[in-house]
Amino acid sequence: MNQPLLELIDVTAGYGRIPVIHEVNLSLYPGDIYALLGPNGGGKSTTLKACSRQIELSSGVLHLAGQPMEGVTPETLSRVGVCTIPEGKGIFPNLSVQENLVMMTHTGMPLEEIEAVTFKRFPQLASRRKQLAGTLSGGEQQMLAMSRALGTNPKILLLDELSMGLAPIIVRDLYQIVHQIAGEGIAVLVVEQFARTVLGVSNKAGIMVNGKIVREGDPSELEEELSAAYLGIKGNDGKSES
């Protein structure tokens, strides 16, 4: 496919009159996993909100499958296949697992089909149908959030800090699931501060600092630069490299 599923062209956006991201260019094709990396406050989550139209663009263009999305609401984008899993998991903690899945039937997919897809991908949730979502482990809550997203049959998945508060082994398993999802042709844009695991499954990566993508390329090329320059990984002399 020569045309990106999602494309930002010279996008500047922020909150009120305060710009946060500046002239950002980014493209996602079917099956891509694009890791958007860098320190806190760099503009990564704002970029996701621009992609999902949760904030207005000050300038530039958002294209979806080649069509400009000017004036389109987040609800409309979600109906045509753009789905966001926000930082903090995006579940209803006071509802049961099953009730969280019921919330996705508004997309037109029957509950039985949503449950079948969910429990095949995340079998540990099957025994917790009646359990309140807020009492699940952090990893299980993230699995439920991903299940609710996949219940919308998305074409583009926007993930914000999937690893937040989770043990490394759980994060690794979740990113293997993300890799499987991309293998089904879904394009994934994932924002992460801690990059090592996501770089292992992504095929594209960009480093965002002060609202600009300052470097973009193959994940293997960017890992050393990212660790040394942006995440404060200690060098051989024990000093933080930042």
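Quick one: would you say residue 193 is out of contact with any Lys or Arg (no Cβ under 6 Å at 6 or more places or on another chain) and free of Cβ contacts under 8 Å to residues at least 40 places away in the same chain?
Details: out of contact with any Lys or Arg (no Cβ under 6 Å at 6 or more places or on another chain): yes; free of Cβ contacts under 8 Å to residues at least 40 places away in the same chain: no.
When the stated conditions are applied, residue 193 does not pass them.
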Of all residues in region 120-138 being under 19 Å from residue 178 (Cα atoms) and either in the same structural domain as residue 185 (by TED's automatic domain parsing) or surrounded by 18 or more Cβ atoms within 10 Å (Cβ to Cβ) (or both), the one that is farthest from the chain's Cα centre (by Cα): 125
Which listed residue is outside any helix (DSSP H, G or I) and at pLDDT 90 or above, from 166, 162, 125, 157: 157
Residue within region 60-79 that is among the hydrophobic types (A, V, I, L, M, F, W, C) and at positive phi present: yes
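Is it fair to say residue 47 is in contact with a strand residue (DSSP E or B) (Cβ under 6 Å, 6 or more places away or on another chain), closer than 28 Å to residue 221 by Cα and surrounded by 20 or more Cβ atoms within 10 Å (Cβ to Cβ)?
Considered against the rule, which asks whether it is in contact with a strand residue (DSSP E or B) (Cβ under 6 Å, 6 or more places away or on another chain), closer than 28 Å to residue 221 by Cα and surrounded by 20 or more Cβ atoms within 10 Å (Cβ to Cβ), residue 47 comes out as yes.
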Filter result for residue 62 (in contact (Cβ under 8 Å) with a residue 24 or more places away in the chain, assigned by TED's automatic domain parsing to the domain that holds residue 10 and touching a Cys at 6+ places or on another chain (Cβ under 8 Å)): yes
Scope region 1-43; condition farther than 19 Å from residue 181 by Cβ, free of Cβ contacts under 8 Å to residues at least 40 places away in the same chain and assigned to a loop (DSSP other than H, G, I, E, B); matching residues: 2, 16, 17, 41
For residue 190: the one exception among (1) in contact with a Leu (Cβ under 6 Å, 6 or more places away or on another chain); (2) modelled with pLDDT under 95: (2)
Every residue from region 56-76 that is part of a loop (DSSP other than H, G, I, E, B) and not hydrophobic (A, V, I, L, M, F, W, C): 56, 66, 70, 71, 73
For residue 78: the one exception among (1) surrounded by fewer than 13 Cβ atoms within 10 Å (Cβ to Cβ); (2) touching a residue at least 60 places away in the same chain (Cβ under 8 Å): (1)
Residue list for region 77-99, restricted to those being outside any loop (DSSP other than H, G, I, E, B) and under 28 Å from residue 23 (Cα atoms): 77, 78, 79, 82, 83, 84, 85
Residue check, residue 46 assigned to a helix (DSSP H, G or I), modelled with pLDDT of 90 or more and not assigned by TED's automatic domain parsing to the domain that holds residue 197: no
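The values are calculated or read from the model by the stated rules, or taken from the named source; none is laboratory data. Worth saying up front: this structure is predicted, and the values here are computed from it rather than measured. Cβ: placed from backbone, ideal geometry, glycine included. Neighbour counts: every protein chain shown.
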